[in-house]
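J.: Sharing a structure here in structure tokens format.
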Amino acid sequence: MIRFYFHPTPNPAKVALFLEEAGLSYELFPVDTSRGEQHSPAFKAINPNAKVPAIVDTEGANGGATRVFDSSAILLYLGEKTGRFIGKPSDRSELLSWLFFIGTGIGPYSGQAVHFQLAAPEKLPYAVNRYRREAERHYLVLEDRLRGRDYILGDDYSIADMSAWGWIDRAARVFAGEAEPLAPFPNIARWFASIDARPATARARAVGKDHGFKREFDDETKRALFPSNYPPVEA
């Protein structure tokens, strides 16, 4: 059994997609990051970085419970555990390269583009331009990779595709104000549509829908999501 610690944001969505594609049994543990539940001692014992997603595999190493945190680590762990969606042995270097490109490039720059356009209290032109343009540059790298390929590795649908899907799904927020955010990236648009049409994707989108996650972007939420902006008050 997999205990899956989840909030409906891009990185947990990747893991939800793998679990649904692989048909693994899992128990959902909602973590309302807008209420600060990720900072609880109980959750930080699973992920000391206080971020979702995280999993606990009750049948992990040596038959005991094993924690895994960070979406790329979780996808790789589950892929290797099940032997699914990790491509052929000859794909190993490409799989790792693209998985980490997404984890260190598309994800962070997309997240910062969203933050400075939609969440920051001041819309700083330099920051907005910097992160939006860097997100666009990373999209262009993926666009070029997908030219003439069905999936990132080629013919095989893999955890690299699942990882990228989680963030490309938020393109409308990354490129805020664009009516058709994927129009400049036709290869990505084609690839995204093919993944979005998969039955497991619909099931992944439904994960957590019955949980009342907080939606208000108030001061509590800002302090929970951006704690480094609110250093503790000295006594």
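J.: Could you list all residues from region 101-125 that are of a type in the set (Phe, Trp, Tyr) and more than 15 Å from Arg173 (Cβ to Cβ)?
T.: Phe101
J.: Need at least 1 residues that are in contact with a helix residue (DSSP H, G or I) (Cβ under 6 Å, 6 or more places away or on another chain) and open to solvent by 40 Å² or more (accessible area, probe 1.4 Å) per element, so show me which helices (runs of 4 or more DSSP H) inside region 1-103 make the cut, counting only ones lying wholly within it.
T.: 10-22, 71-82
J.: Scan region 88-97 for residues that are closer than 28 Å to Ser25 by Cβ and under 20 Å from the mean Cα position of the chain (by Cα) and jot them down.
T.: Correct list: Leu95, Leu96.
Residues checked against (1) farther than 19 Å from Phe85 by Cβ; (2) of a type outside the set (A, V, I, L, M, F, W, C); (3) within 19 Å of the chain's Cα centre (by Cα):
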| position | (1), (2), (3) |
| --- | --- |
| Asp144 | yes, yes, no |
| Gly148 | yes, yes, no |
| Tyr151 | no, yes, yes |
| Asp156 | no, yes, no |
| Asp161 | no, yes, yes |
| Ala172 | yes, no, yes |
| Glu180 | yes, yes, no |
| Ala189 | yes, no, yes |
| Phe192 | no, no, yes |
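J.: Go through region 201-217 and give me each residue that's closer than 16 Å to Asp32 by Cβ and either among the β-branched types (Val, Ile, Thr) or surrounded by fewer than 10 Cβ atoms within 10 Å (Cβ to Cβ) (or both).
T.: Those that are closer than 16 Å to Asp32 by Cβ and either among the β-branched types (Val, Ile, Thr) or surrounded by fewer than 10 Cβ atoms within 10 Å (Cβ to Cβ) (or both): Val207, Lys209, Asp210, Gly212, Arg215, Glu216.
J.: Within region 174-200, count every residue that is surrounded by 12 or more Cβ atoms within 10 Å (Cβ to Cβ) and of a type in the set (Gly, Ala, Ser).
T.: Adding up the residues that qualify gives 4.
The values are calculated or read from the model by the stated rules, or taken from the named source; none is laboratory data. As the structure is a computational prediction, the values presented were derived from the model and not from experiment. Here Cβ is always computed from backbone atoms with ideal geometry, including for glycine, and neighbour counts include all displayed protein chains. Keep in mind that these areas ignore ligands, DNA and RNA; they rest on the heavy atoms of the full protein, side chains included. Shrake-Rupley method; radii C 1.70, N 1.55, O 1.52, S 1.80 Å.
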